[in-house]
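Worksheet for the structure shown next.
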Amino acid sequence: MAYTLTVNGKKSTVDVPADMPLLWVLRDVLKMHGTKFGCGIGQCRACTVHVDGKAQPSCQLQISAVGNKAITTIEGLSADGTHPVQRAWEQVDVPQCGYCQAGQMMAASALLAAKPKPTDADIDQAMSYNLCRCGTYIRIRQAIHLAASMGRNGAAHTTGSAAQ
Amino acid sequence: MTTKKTLDRRSFLRVTALAGGGVAFGLIGKDAFAQGRGGRGGGGRGGAGGGGFGGPAAPPKVENYIKITPDGKFTIMAKNPEVGQGVRTMLPMLIAEELDVDWKDVVIEQTDVDPSKYAGQIAGGSTATPQNWIPMRQVGAGARLMLRQAAAQMWNKPESEITTRSGKVYHEPSKQSAPYSQLASKLESMTPPSAEEIEKNFKDPKDYKIIGKSTVNCDIKAIIAGKPLFTIDQEIPGMKFAVYQKGPVFGSKVKTWNEAEIKKMPGIVDAFVVVKDQPNTPFIGYREEGKPADAGDLQEGIAIVADSWWYAQSARKKLQATWDEGPRATPEHSSTAYAAKAVEISKGEPHSTTRKDGDPDAALKGAAHTVEAAYAYPFISHADLEPQNCTANFKDGKCEIWSSSQIPTGAFGLIASNTGIEQSNITAHMIRGGGGFGRRLYNDYAVEAAMISKMSGHPVKLVWAREDDLANDYYRPGGFHFLKGGVDASGKVTAWADHFVTYGAPKSMPLQTSSAANIGPTEFPQPFIENYALYTSAQPVAIRTGSLRAPTSNALAFVVQSFIDELAHAAGKDPVQFRIDLLAQTKPEPPARGGRGGFGFGNAFNASRMTGVTKLVAQMSDWNNRKKSLPKGTGLGMAFHFSHSGYFAEVAEVKVEANKKIKVNKVWVAADIGRQIINPSMANNEAQGAVIDGISAMMFQEITLNNGRVQQSNFNNYKLIRMAQAVPEVEVQYLTSDNNPTGLGEPAMPPILPAVANAIFSATGDRVRSLPLKNSGYDFA
């Protein structure tokens, strides 16, 4: 059946079964591979995307339920990798394997949109849905605080390259 | 290779040979590595060039690693599999440093698998650093020396007056300079310098501009932008998607299935049974009485091929199959039965004596204090976040695969023997893997993908569901230790006897244990205790076992370092001082300190290095003052462990609430991995990750069996640690010692488990002797 959805501001029509999760529409039909598959049951959140601005696991959202909601994926977080979260992730050198990080960045950017200056407790609460098998949680927290300090105009209050 | 000597196109450095490139490889004993690591089908490991694994006999050639382009960029080849350990960044750093170019001008390219060009294309055993520290720098320095020589010829100046800097050669007296690219084509006819000559010209470490500087992950831009980067992101023309359903018990065979119904479902291209008609490679895996070891890499199953992965997975949900579950679907292959059997075995004569020095029984009788304790730990799964997957294109008797195997050559023999083609007709591409942890040392997903591609006639991307991954692992083997120890009135450890009950073939002679389920005769603390015994017994197991991050050490450190803590408390000694004193103990047997020290991979346990990190971590954590000033219910625990040539001592501060809710407040890590940390950013990231991974494993992780079936299925019942549960601060320091640098991904992990367990004891008096902690009522606060 045909569904029209809006991903990163662009409309696409796909002919897929009603119960196909958005994750697999993105990956196998639209060939957007940034959103990752990890568990299929919403436990690891590697597949996190924004649905009308809120972080959601795309493996749990059937295409028939997407409707007119605006979907943003990691590919659409910024045009050129300059969203504060992306720059902070680079500056802090967060990833090890990197597989969960698209989901982590989508969760972090949704958190920052709702709470521009999150506390550690806010971060614990918002980010504990996302698993990182490599255990980069210390740097994820550091990068979120750094991204928050960059603010909207993007000027970081701290400098430096890779985290020591 | 022919190269046009024009500068308007890419020029390749061309040299015939770099002598002596294999000298660094002698560090690691081949047999030490062989236990439990996937290798080529047939168990061989290829010609070990200079002692490497599966590598070529020839030393590294510059042309295989460096391309110089007129745009001022330097393409450096990364030869090893990248699964999150940072090697794709680190190995090129070594070359770039000695080549004397700026990191900003380096472009990194991943090589394919090619044993004729590249030695040791593996990610295992924390070996990338020790194996490549010298050869990769030889590549860079060899090229630099030849560029100098070429410049000397071009300007007709003495070579001694030529210097290099930032990708250029200089003759300062005549104020001449030229970019490397101008000289690259001249190198083709030059004789490369000898290894000796190259090493004489290695940079002085004080002049390093890249090595030792925190360098951001070379794939960072692709990661933050969500670019296709991982194996699961591969797309090739005409590709179909596959799932592969194996039986409920290891070794199951298909009896019946609803083939017609499955084939009629939406998007289904094909569905068929992959019958296992080839013997498995006799190298790894579980061992069964009276039969050779069976790797079990290719298991019989039902393949479903579809137009998208979701179609294949949806069809699988409608699959109605019956299975011949084989001889292992029985009550004795249940975790509770294994535990009961271990206790029963412990009461009898051990199946084998792995080591016996002195007279432990007599020494125990004469000891001032004795402790007896039983320890246990479960099977655990690797749970790489990127599920196992592989894209394969089998066509016209050739097979091309894209995988993130940690030992991609291991797939060659498996694919060749199962598809009936020669290994020379297989091409393997190395793609970034979403985690490894040892799981991708095995190539079962690759042979499955190759078989499905061959049988369906399509290129296929096989992706395992999480449920496939947890049910079909090469699990970290569980184990049981029945320990007795004695200390004299002065606090000296006089006796140690460990009856280790593991998995394997109990009646085999010599005793054959399942993969990664054995302990060596000189494993710590053997070298330090005069009356020492290690007995090993085994019971059969229904599942494959294998290497998981710091194999054996990841569980053994918990047992040994917890029991040492028990002895320290029995002796009334401070746990740190007790360990320092133990490391100073000597014993009469001279062979004890020779040879390989347990899992140190070729290096004997060095007591002074371990004493060094123990003292450092005590100082970092302010052990003596902190332990006295902690509030009630908060404790400090310490442990050390030597593995993979690395010395790690760790202290954990743990708060335990009344309802057994714990919070690890802070961890201190002291490491001695030689004289140079190549990329501090990645090193610290990995050390912190290892600590968090270890705490995750000890709290939750457990694979249990019931009638041969794995009972865990996904992250809802096989939990991993989350942000709010993770220790918020891990301080890492390195003790620089005059040894060649070694790896860190594995050795950083083992000590954290006993450090936390010892801290829980210190906080509460509760001695945890069985993992995971959740089974003793613990949880995170």
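The values are calculated or read from the model by the stated rules, or taken from the named source; none is laboratory data. If you're wondering where the values come from, they're calculated on a predicted model, not measured in any experiment. Neighbour counts are summed over all protein chains in view; Cβ atoms, including those assigned to glycine, are modelled from backbone coordinates with ideal geometry. These accessible areas exclude ligands, DNA and RNA; they are computed on the full protein's heavy atoms, side chains included. Shrake-Rupley method; radii C 1.70, N 1.55, O 1.52, S 1.80 Å.
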For region B:340-370, name all the residues that are aliphatic (A, V, I, L, M) and surrounded by fewer than 17 Cβ atoms within 10 Å (Cβ to Cβ). B:Ala340, B:Val343, B:Ala362, B:Ala368
Count, please, the residues in region A:40-64 that happen to be without any contact (Cβ under 8 Å) to a residue 24 or more places away in the chain and either closer than 17 Å to B:Phe230 by Cβ or acidic (Asp, Glu) (or both). 2
Can you tell which of B:Thr191, B:Thr163 is of a type outside the set (Lys, Arg), more than 14 Å from chain A (Cβ to nearest Cβ), more than 16 Å from B:Leu99 (Cβ to Cβ) and open to solvent by 20 Å² or more (accessible area, probe 1.4 Å)? B:Thr191
Of the residues B:Asp100, B:Asp71, which is over 30 Å from B:Glu386 (Cα atoms) and open to solvent by less than 30 Å² (accessible area, probe 1.4 Å)? B:Asp100
For region B:386-444, enumerate the residues that are of a type in the set (A, V, I, L, M) and more than 18 Å from B:Gln85 (Cβ to Cβ). B:Ala392, B:Ile401, B:Ala411, B:Leu414, B:Ile415, B:Ala416, B:Ile421, B:Ile426, B:Ala428
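Residues of region B:436-469 being within 22 Å of the chain's Cα centre (by Cα) and outside any loop (DSSP other than H, G, I, E, B), which ones? Can you show your working first?
Pass one, region B:436-469, residues within 22 Å of the chain's Cα centre (by Cα): B:436-447, B:464, B:466, B:468-469.
The answer is B:Arg439, B:Arg440, B:Leu441, B:Asp444, B:Tyr445, B:Ala446, B:Val447, B:Arg466, B:Asp468, B:Asp469.
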For B:Val87, work out the one condition from (1) touching a Ser or Thr at 6+ places or on another chain (Cβ under 9 Å); (2) open to solvent by 20 Å² or more (accessible area, probe 1.4 Å); (3) of a type in the set (A, V, I, L, M, F, W, C) it doesn't fulfil. (2)
From B:Lys186, B:Lys175, B:Lys206, B:Lys168, which residue is at positive phi and more than 14 Å from chain A (Cβ to nearest Cβ)? B:Lys175
Qualifying residues in region B:259-273 (those that are of a type outside the set (A, V, I, L, M, F, W, C) and within 14 Å of chain A (Cβ to nearest Cβ)) - the one least open to solvent (accessible area, probe 1.4 Å): B:Gly267
Kindly indicate which of B:Ala489, B:Ala465, B:Ala471 is surrounded by fewer than 24 Cβ atoms within 10 Å (Cβ to Cβ) and within 30 Å of B:Tyr532 (Cβ to Cβ). B:Ala489
Determine the pairs where a residue that is at positive phi, located within region B:653-682, has a partner that is charged (D, E, K, R) with Cβ atoms under 7 Å apart, the partner being 6 or more residues away or on another chain. B:Lys660/B:Asp779
Residue check: is A:Ala121 more than 16 Å from the chain's Cα centre (by Cα), among the small types (Gly, Ala, Ser) and on the phi < 0 side of the Ramachandran plot? yes
If we keep just the residues of region A:64-88 that are touching a Leu at 6+ places or on another chain (Cβ under 9 Å) and open to solvent by less than 20 Å² (accessible area, probe 1.4 Å), which is nearest to the other protein chains (Cβ to nearest Cβ)? A:Gln86
Please determine whether any residue of region A:45-58 is at the interface with chain B (Cβ under 8 Å from one of its Cβ atoms), surrounded by fewer than 22 Cβ atoms within 10 Å (Cβ to Cβ) and more than 21 Å from B:Trp464 (Cβ to Cβ). no
Can you tell me which residue in region B:724-762 is least open to solvent (accessible area, probe 1.4 Å), limited to those that are out of contact with any Asp or Glu (no Cβ under 9 Å at 6 or more places or on another chain) and over 21 Å from B:Ala690 (Cα atoms)? B:Asn740
Exactly one condition in (1) in a loop (DSSP other than H, G, I, E, B); (2) in contact (Cβ under 8 Å) with a residue 40 or more places away in the chain is not met by B:Ser490; state its number. (2)
